[in-house]
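A.B. asks: Take this structure, written in structure tokens, and hold onto it; I'll ask about it next.
Derivation of every value follows stated rules applied to the coordinates shown; laboratory data play no part. All values derive from a computational prediction rather than experimental measurement. Heads up, the Cβs are rebuilt from the backbone with ideal geometry, glycines too, and the neighbour counts pull from every protein chain shown.
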Amino acid sequence: MQIVSVTDILTILPTIFLVVWACLLLLMDAFGGALGKRLTPWLTVLGLLVAFGLTLRAAGVEQSAFNGLLEVDGFSNAINLLALGTGLFGVAVAYEYLKRFNLARGEYYILMLFSLSGVMLMGAAADLIVVFLAIELLSIPLYIMAAIAQRDTRSEEAGLKYFLLGAFAGGFLLYGVALVYGATASTRLAEIFAAAQAGVANPIFLLLGVALILIGFAFKVAAAPFHMWTPDVYEGAPTPVTAFMAVAAKVGGFAALLRVFIVAFPTLGPDLVPVLTGIVAATLIIGNVAAIAQRNIKRLFAYSSISHAGFILMAFVPYAQDAVHRDTVAAALFYLVAFGLTSFGSWAVVMMLERAEGRGLELSDYAGLGRKYPALALAMLVFMLSFAGVPPTLGFAGKFFLLRAVLQGGYVGLAVLGVLTSLVSAYYYLRVVIVMYFQEGKPQVEGSRLLNWTTALTAIGTVALFFVMQPLFDWTASALLRLF
Amino acid sequence: MVPVEYYVGLSAILFTLGVVGVLTRRNAIIIFMSIELMLNSANLLFVAFARTFEALNGQIFVFFVMTVAAAEVAVGLALIVAVFRSKSSINIDDVNSLRG
């Protein structure tokens, strides 16, 4: 048995390329002098684009690598593209912001690359140990990024809180993996499934292990009742970090969650339905109700992101049904795209209004935006409508497909809860709109080229892609066709 | 040979101690040590199961976990030091400037 072959490396070339590129950039940033430091962000973009190209070139390939530790297929390629797109937007929103607040340092972009390679590995992981390693590779750079504004107590505090709770969640995940290993004598997803199906697995260890793994994932994607860290970390971290981690951690978390549970644990589906239903209901209700009371825009978006995690998890409840799970996966990926676009756009707007020492982040700072900056207010209106799930926006399309998957699974009650909490969410999203358009105020906007472009691009994308939602969804589904 | 149940019991006790420690202690370093205890209880479980299955993979996982734990120590202690510098305290009750 060969340990590593060239084929293995070629199979996951985009990820390996990204890691090597990040290491080289790290050296260049440290020893390359002033020029090297200036080039780091641009070379980061170049690296992301190359990895994007490598992923596209591998489209349609289905292969397992490293003796079945990693599985490259339509799903992992889709996650790669999502992760790399997140990276490009992440650089776009960070570049000028970091300069404006004197945080411009090469590490930022390099840590981002490492974190993204973690996301990509989570999409391809076919072994629970790889899932654990990938989740740590995703998280550890994020802890540092959250605390990157040194001597800003809020940023340091966010980093520490994120670290302690993230590591805590990692402990749960790992213990769960150990128990599943004890139950099935393997950590390969396919072998776990085989053992569980043949009934040779110890049922108590298996169920306990799966429950602990679920807790670990729930922490990462910020699902209730494991969401407590989200508002504090989102508020304290520098805004571009918040924007990046809101999307990247969700993409990675859901990628691993979908693959692990659909491939390895479908036999436990009926046992998990009550647990999952409880998590979904709690996440939707807590996220949306707590958001109503928020006056700080970063905390508001934090709670809103919790509720979006709940929405995606809703489609995950019927994951064990063969007829439904492909739609679940496609709908979840589609929703992540919609959430990512809308999210980056709205965070870009937040960054334009933010001023030093955390000012400019209250809802009241948005008063008068509609009159003074009509284009910006219009973009924000689009994002709020998309978050709330109002047509014609991509957010509506995302919610539509998720609800359809839930209904296919036969969980009418959950779908009703989803719609009702969406109505609640419309209240606080539309309050932002009302403050922008109907209240007098003097908003201070610090626009800059990349942030303007990001806002415009995401706003147009959010509306334009709505009109091709069905072909887009079919395309996503067919990309995953032979997967599960 | 000690039966595997004993190891499972011991590791469950260690894991519970870790979880309780994280939830009840207020000192960031002690919380962090409790998290390490959780990771190590999982390591014990891996090794014990690997011994029963007479397989090596469980033992190798422990090395991966130790590497990850070392990386977490590096990052975690740096964060704790940074917080200590600006607050002169690592009691997480004092670290509360974020409230909504």
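A.B. asks: Run the count for chain A, please: Lys pairs, Cα-Cα under 23 angstrom, 8 or more apart or on different chains.
C.D. replies: 14
A.B. asks: Sort A:Leu451, A:Leu35, A:Leu207, B:Leu45 so that the residue with the fewest other Cβ atoms within 10 Å of its own Cβ comes first and the one with the most comes last.
C.D. replies: By the 10 Å Cβ count, ascending, the order reads A:Leu35, A:Leu207, A:Leu451, B:Leu45.
A.B. asks: For the range A:158-249, what value does the Rg/Rh ratio take when both radii are computed over Cα atoms and Rh is the Kirkwood radius, given to two decimals?
C.D. replies: That ratio is 1.12, to two decimals.
A.B. asks: Another question, then. Looking at the range B:1-63, which trypsin sites (Lys or Arg not before Pro) are DSSP coil and have at most 13 other C-beta atoms within 10 Å of their C-beta?
C.D. replies: Here the sparse-neighbourhood loop sites are B:Arg26.
A.B. asks: Bin all alpha-carbon pair distances of chain A at 10 Å intervals from 0 and give each bin's fraction as a whole percent.
C.D. replies: 4, 21, 33, 27, 12, 3, 0, 0
A.B. asks: Summing +1 for each Lys or Arg and -1 for each Asp or Glu, what net charge is found among the other residues whose Cβ lies under 14 Å from the Cβ of A:Val241?
C.D. replies: -3
A.B. asks: Treat the range A:317-396 as a sphere of radius equal to its Kirkwood radius over Cα pairs and apply Stokes-Einstein at 37 °C in a medium of 0.692 mPa s; give the translational diffusion coefficient in µm²/s, rounded to a whole number.
C.D. replies: The diffusion coefficient I find is 226 µm²/s.
A.B. asks: Right, next: Any idea how far apart A:Val4 and A:Phe31 come out in nm if each label point goes 7 Å out from Cα toward Cβ?
C.D. replies: 2.1
A.B. asks: Continuing with the same structure: Where the only charges are on Cβ atoms (+1 Lys, Arg; -1 Asp, Glu), what is the dipole of the protein assembly as shown about its Cα centre, to the nearest 20 debye?
C.D. replies: Using Cβ point charges on Lys, Arg, Asp and Glu, the protein assembly as shown gives about 1400 debye.
A.B. asks: Further question on the same structure: Along the charge dipole of the range A:13-477, which of A:Ala377, A:Ala331, A:Ala185 sits closest to the positive end, that is, farthest toward it, with unit charges on the beta carbon of Lys, Arg, Asp and Glu (+1, +1, -1, -1)?
C.D. replies: It is A:Ala377.
A.B. asks: Give the distance, in whole Å, between the Cα centre of the range A:73-100 and the Cα centre of the range A:405-484.
C.D. replies: Taking the Cα centre of each part, the range A:73-100 and the range A:405-484 sit 18 Å apart.
A.B. asks: Near the amide H of A:Val72, under 5 Å away, which other amide H atoms are found, from residues 5 or more places off or on another chain, if H is placed in the peptide plane?
C.D. replies: Answer set, sorted by chain and number: A:Gln63, A:Ser64, A:Ala65.
A.B. asks: If you don't mind, there's one more thing I want to ask. Mind jotting down the distance between the C-alpha centroids of the range A:275-332 and the range A:134-152, whole Å?
C.D. replies: Centre-to-centre distance over Cα atoms comes out at 24 Å.
A.B. asks: For the range A:219-228, what does the Karplus curve 6.51 cos²θ - 1.76 cosθ + 1.60, with θ = phi - 60°, yield as ³J(HN,Hα) per residue in whole Hz, taken in order and with x for Gly and Pro?
C.D. replies: So the Karplus estimates, Gly and Pro as x, are 4, 5, 8, 6, 9, 5, x, 10, 10, 4 Hz.
A.B. asks: Taking the Cβ of A:Leu423 as the centre, find all other residues whose Cβ is under 14 Å away and add up their charges (Lys, Arg: +1; Asp, Glu: -1).
C.D. replies: Net of charged neighbours comes to +2.
A.B. asks: Determine ³J(HN,Hα), in whole Hz, for all residues of the range A:163-175 in sequence, where each value follows from phi through the Karplus function 6.51 cos²θ - 1.76 cosθ + 1.60 and θ = phi - 60°; x replaces Gly and Pro.
C.D. replies: So the Karplus estimates, Gly and Pro as x, are 4, 4, 6, x, 5, 4, 5, x, x, 4, 4, 5, 5 Hz.
A.B. asks: Taking the alpha carbon gyration tensor of the range A:318-365, what are the square roots of 5 times its eigenvalues, largest first, to the nearest whole Å?
C.D. replies: 38, 10, 7
A.B. asks: Mind sorting A:Ser139, A:Ser117 by how few other Cβ atoms lie within 10 Å of their own Cβ, fewest first?
C.D. replies: Ordered by Cβ neighbours within 10 Å, fewest first: A:Ser139, A:Ser117.
A.B. asks: Explain nothing, just the number: relative contact order of the range B:4-87, from Cα pairs under 8 Å at least 6 residues apart, as a whole percent.
C.D. replies: 27
A.B. asks: May I ask you to evaluate 6.51 cos²θ - 1.76 cosθ + 1.60, the Karplus curve with θ = phi - 60°, for each residue of the range A:110-120 and list the ³J(HN,Hα) values in order in whole Hz, giving x for glycine and proline?
C.D. replies: Once rounded to whole Hz, the list reads 5, 4, 4, 4, 4, 4, 5, 5, x, 4, 5.
A.B. asks: Averaged over its residues, how many other protein chain Cβ atoms are within 10 Å of peptide B:17-27's Cβ atoms?
C.D. replies: 1
A.B. asks: Determine the relative contact order of the range A:13-477: mean sequence separation of Cα pairs under 8 Å and six or more apart, normalised by residue count, in whole percent.
C.D. replies: Reported relative contact order: 14 percent.
A.B. asks: May I pose another question? For A:Leu84, B:Leu37, what ranking results if the residue with the fewest other Cβ atoms within 10 Å of its Cβ goes first?
C.D. replies: Least crowded to most crowded, the residues run B:Leu37, A:Leu84.
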